[in-house]
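A quick write-up on the structure given underneath.
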Amino acid sequence: MNILVLGSGGREHAIGWKIAQSSQIDKLFIAPGNAGTSLVGTNVDMQVDDFEKIREFCLAEKID
């Protein structure tokens, strides 16, 4: 399963950290992320309000 978490704060880090522990996860992306989120997933350089880019990314990466 491929997951995208949108945000760049401590809350997103905590959510990503817990999601990353699942054996069902293939890829975890966090957009735009921060230094802490890069330790649990892959940060993606896009803004949380760039809906077209988010849509394109989700389709390209097969986000579940």
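The values are calculated or read from the model by the stated rules, or taken from the named source; none is laboratory data. Treat the numbers as computed from the prediction; the structure is a model and nothing was measured. Glycine gets a Cβ as well: all are built from the backbone with ideal geometry, and neighbour counts include every protein chain shown. What goes into the accessible areas is simple: the full protein's heavy atoms, side chains included, and nothing from ligands, DNA or RNA. Shrake-Rupley method; radii C 1.70, N 1.55, O 1.52, S 1.80 Å.
Numerical summary
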| quantity | calculated |
| --- | --- |
| Residue ID - nearest to MET1 (Cα to Cα), chosen from residues in the range 39-57 that are open to solvent by less than 60 Å² (accessible area, probe 1.4 Å) and within 10 Å of the chain's Cα centre (by Cα) | GLY41 |
| Within the range 25-64, tally of residues that are assigned to a helix (DSSP H, G or I) and among the aliphatic types (A, V, I, L, M) | 4 |
| Selection within the range 43-58 - aliphatic (A, V, I, L, M) and touching a Leu at 6+ places or on another chain (Cβ under 7 Å) | VAL48 |
| Candidate set from the range 1-24 (those that are outside any helix (DSSP H, G or I) and open to solvent by less than 30 Å² (accessible area, probe 1.4 Å)); member that is farthest from ILE63 (Cα to Cα) | GLY9 |
| The range 25-38 - residue that is in contact with a His (Cβ under 9 Å, 6 or more places away or on another chain) and either among the hydroxyl-bearing types (Ser, Thr, Tyr) or on the phi > 0 side of the Ramachandran plot (or both) and, of those, surrounded by the fewest Cβ atoms within 10 Å (Cβ to Cβ) | GLY33 |
